[in-house]
1. Can you tell me which residue within the range B:92-114, out of those that are farther than 11 Å from B:Ile159 by Cα and open to solvent by 50 Å² or more (accessible area, probe 1.4 Å), is modelled with the lowest pLDDT?
2. Which of the residues belonging to the range A:182-195 are away from ligand 1 (no atom under 16 Å from the Cβ) and open to solvent by 10 Å² or more (accessible area, probe 1.4 Å)?
3. Do we find that A:Ala144 is within 14 Å of chain B (Cβ to nearest Cβ), assigned to a helix (DSSP H, G or I), closer than 24 Å to A:Val173 by Cα and not aromatic (Phe, Trp, Tyr) in this structure?
4. Can you find, within the range A:46-85, the residue that is surrounded by the fewest Cβ atoms within 10 Å (Cβ to Cβ) among those that are within 13 Å of ligand 2 (Cβ to nearest atom) and over 16 Å from A:Val188 (Cα atoms)?
5. Can you give me the number of residues within the range B:115-144 that are surrounded by 14 or more Cβ atoms within 10 Å (Cβ to Cβ) and more than 28 Å from B:Gln179 (Cβ to Cβ)?
6. Looking at the range A:55-64, is at least one residue within 13 Å of another protein chain (Cβ to nearest Cβ) and either among the polar types (S, T, N, Q) or not in a helix (DSSP H, G or I) (or both)?
7. Would you please list the contacts, defined by Cβ atoms under 6 Å and residues six or more apart or on different chains, that run from a residue in the range A:66-80 that is without any contact (Cβ under 8 Å) to a residue 24 or more places away in the chain and more than 7 Å from every other protein chain (Cβ to nearest Cβ) to a residue that is of a type in the set (A, V, I, L, M, F, W, C) and open to solvent by less than 20 Å² (accessible area, probe 1.4 Å)?
8. Give all pairs with beta carbons closer than 6 Å in which a residue from the range A:160-188 that is within 14 Å of chain B (Cβ to nearest Cβ) meets a residue that is more than 16 Å from ligand 1 (Cβ to nearest atom) and not in a helix (DSSP H, G or I); count only pairs at least 6 apart in sequence or on separate chains.
Amino acid sequence: MAKLELRHLNKTYTPKVIPVKDLSLDVDDGEFLTLLGPSGCGKSTTLRMIAGLEQPTRGDVVINGEVVTSKAPGDRNIAMVFQSYALYPHMTVYDNLASGLRLRKMPSEEIRRRIAEVSGFLGLDSLMDRKPGQLSGGQRQRVALGRALVRQPAVFLLDEPLSNLDALLREQVRAELKSIFESMQTPVVYVTHDQTEAMTLSSKVAVLNDGYLQQLDPPRRIYTHPANRFVAGFIGSPQMNLFDLQCDGRTAILGNARIPLPSSITPPPTVTLGIRPEHVELVSSEVNGRGHSVQGKVVLVENLGMSDLVSIRIRGTDHTTLRALIPSDRPWRQETLTLSLPAEHLHWFDAETGDRLYSEPLSLPPERPQERKEVR
Amino acid sequence: MTTVHPPAHPPAHAEARPSRFSARTLWLTVAVVLVVLFSLAPILWQVLTSIKVNADIAAIPNVYFPRRFTLQHYIEIFNRRPFLNYMLNSFFVAFTSTLLCLALGTPAAYALARLRLPGERIVLASVLIVTLFPYILLFIGLLEIVRATGLANNYLALIIPYTAINIPLTILVMRSFFQQLPRDLEDSAKVDGYNTWQMLVRILLPLTTPALVTTGILAFIAAWNEFIFALTFITRESMKTIPVAVAQISGTAVFEIPYGALAAATVVGTLPLVILVLLFQRRIVQGLTAGAVKG
Ligand SMILES: Nc1ncnc2c1ncn2[C@@H]1O[C@H](COP(=O)(O)OP(=O)(O)OP(=O)(O)O)[C@@H](O)[C@H]1O
Ligand SMILES: [Mg+2]
């Protein structure tokens with residue numbers, strides 16, 4: 001039973017450098033929270049404040065109902081995996097794993113039992129007598145992970161633990177991490193700037209930018225209902241198409257097309273319209289298109305293997321390009337394309353504040369086959 | 001371009017290689033021998049002189065490689081003069097000041113490397129400037145201080161200045177060493193539950209041993225060899241250090257310079273340093289190259 005709460009955390013280095021401005025969130029038992037955001041948005045700073053390696057300027061860190069803000073890292077019952085692994089170079093793997101337990105005066109029988117258990121399932125058994133210098137990157141990563149696991153802490157903290165691994169190994173370890181932490185009833189806070197990691201691992205994702213929490217939701221909802229323009233542009237690859245449009249009454253003007261706003265919206269003077277490239281559909285003949293169709297000249301085709309990323313210049317605009325993801329098996333080799341923008345996949349944001357303009361009921365829409373695409 | 005080019009040089013070339021290689025080896029060997037001779041010649045000469053009999057030392061033409069060997073000079077310096085005593089004095093002074101240097105300089109270096117201190121640059125700059133001070137200026141000032149405090153004929157009069165003079169070097173070397181230790185390592189130790197003292201002793205110290213040994217030896221050599229302070233501040237015979245004692249050997253006889261005893265004393269005075277360096281050689285090399293590659 002453990003719970004981590006952050007209450008109005010703020011970290012001010014200098015009046016100009018304030019990586020974390022006001023952050024509050026809860027992580028419950030068995031929850032896997034990922035802090036996601038662009039480089040320099042304060043993810044590591046937040047994690048270090050939770051660990052106690054950095055003192056917050058304002059606000060509190062609460063573990064299991066107890067305010068630990070002024071406690072030393074060693075007294076908080078947390079374990080952390082560092083990006084650089086930070087293994088002790090002069091100790092063997094066994095001593096690396098045991099050091100945190102020995103400091104807590106745990107009987108050596110119990111230490112041996114825990115290490116045997118963890119090393120068995122991380123495959124470290126044959127490496128126990130080696131020094132970190134004699135290990136490969138992937139093995140070091142495992143030892144670092146093992147060192148956190150043997151502690152059986154109240155909260156796990158991981159700061160980009162996979163970023164030093166090559167792509168193939170990263171995928172493999174990612175899957176292992178998922179199964180390890182799924183079986184454990186301990187809150188996990190995981191820092192990454194890799195969307196795939198965030199989407200595949202977490203039960204909740206916190207998108208950070210500019211020192212503020214932008215959105216805190218399960219991965220699927222972050223993808224289907226971005227809370228604002230920033231999240232919409234940051235999550236998903238290829239990036240969402242975002243257009244700043246003038247409104248004429250209840251319709252937004254996109255080139256020659258006029259797109260009605262949903263009835264639930266009180267239209268501001270200008271709106272931002274968003275649609276993901278994978279949701280833009282190719283229309284074979286103009287009549288049978290679902291939603292609103294736009295036409296344009298093809299200006300760029302990028303082959304992504306499974307599909308083509310096609311950019312068109314929308315007719316009736318100067319430079320507005322729309323990107324669409326078209327499955328490679330669809331024939332479309334024309335110079336001019338007609339694409340449709342299905343109404344259920346349109347995202348509307350206030351162009352001024354960037355906030356999402358309407359939100360559907362919180363329950364998730366039933367999954368539809370075309371939404372199954374992995375977000376990468 | 002991904003065209004594959006055939007190798008530019010046909011492998012037939014390889015036959016010519018061994019002879020060229022051996023010529024290079026030859027030149028290299030000659031050069032190494034010359035350099036070694038050049039730097040070791042004075043020491044070699046001292047060693048040879050110290051085991052020659054007096055007649056050979058004074059002989060004209062020079063006897064370079066003696067036929068008759070004697071340990072007379074060594075016996076002389078230990079029997080007629082308290083040479084063992086001098087060595088112990090030197091050792092005590094050099095060892096204590098080295099320990100003080102490391103004990104005071106290492107925490108300072110750590111603070112300068114890790115903590116964001118106000119005025120850090122000023123502190124560093126002044127540490128550097130201290131090392132640039134002309135030695136002789138320091139000496140005149142120190143003489144006054146020693147007189148005023150009545151520290152003459154007290155080991156403190158040597159230990160304190162030696163420590164002070166060597167501390168800047170300790171701070172600079174240790175600081176650059178601490179700087180290239182990954183910061184995460186300390187953070188990870190803190191999360192593991194090490195308190196500051198345990199972290200210093202169990203994590204940082206084992207990792208810094210090479211640097212400690214290197215700077216320690218440098219400080220020790222400087223203190224062991226120092227002459228002017230030792231000559232001036234210590235006048236009591238039983239407290240003198242090796243460099244002073246060696247210099248005094250030539251001063252005792254008016255009519256002839258006792259080259260043999262002098263050479264023996266020099267060898268005896270240098271030997272401990274040589275042994276020390278050889279003992280820690282591996283560690284020193286580690287320490288000197290520690291900054292070269294990211295660990
Ligand atoms: N000790 C410090 N003093 C001053 N500024 C700092 C300090 N540590 C971090 N910062 C600043 O705080 C901001 C956030 O840093 P942080 O390390 O939290 O970023 P991050 O989100 O982890 O980025 P990345 O994805 O690149 O790791 C950065 O602009 C950084 O320059
Ligand atoms: Mg970071």
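1. Of the residues in the range B:92-114, the ones farther than 11 Å from B:Ile159 by Cα are B:102-114.
Narrowing further to those that are open to solvent by 50 Å² or more (accessible area, probe 1.4 Å): B:103-104, B:107.
Numbers: B:Ala103: 93, B:Leu104: 94, B:Pro107: 89.
In this case the residue turns out to be B:Pro107.
2. Of the residues in the range A:182-195, the ones away from ligand 1 (no atom under 16 Å from the Cβ) are A:182-188.
A:Glu182, A:Ser183, A:Met184, A:Gln185, A:Thr186, listed by residue number.
3. Values: within 14 Å of chain B (Cβ to nearest Cβ): yes; assigned to a helix (DSSP H, G or I): yes; closer than 24 Å to A:Val173 by Cα: yes; not aromatic (Phe, Trp, Tyr): yes.
For A:Ala144, the condition - within 14 Å of chain B (Cβ to nearest Cβ), assigned to a helix (DSSP H, G or I), closer than 24 Å to A:Val173 by Cα and not aromatic (Phe, Trp, Tyr) - is met.
4. Ranking the candidates gives A:Ser84 first.
5. Going through the range B:115-144 one residue at a time, the tally reaches 4.
6. Keep residues of the range A:55-64 that are within 13 Å of another protein chain (Cβ to nearest Cβ), which gives A:55.
Applying the additional criterion that residues be either among the polar types (S, T, N, Q) or not in a helix (DSSP H, G or I) (or both) yields A:55.
Among the residues of the range A:55-64, at least one is within 13 Å of another protein chain (Cβ to nearest Cβ) and either among the polar types (S, T, N, Q) or not in a helix (DSSP H, G or I) (or both), which makes the answer yes.
7. Note: pairs meeting the criteria are A:Val68/A:Val61; A:Thr69/A:Val61.
8. Nothing qualifies.
The values are calculated or read from the model by the stated rules, or taken from the named source; none is laboratory data. None of the values given here were measured: they were computed from a predicted structure. Cβ: placed from backbone, ideal geometry, glycine included. Neighbour counts: every protein chain shown. Just so you know, the surface numbers come from the protein's heavy atoms only, side chains and all, with ligands and any DNA or RNA stripped out. Shrake-Rupley method; radii C 1.70, N 1.55, O 1.52, S 1.80 Å.
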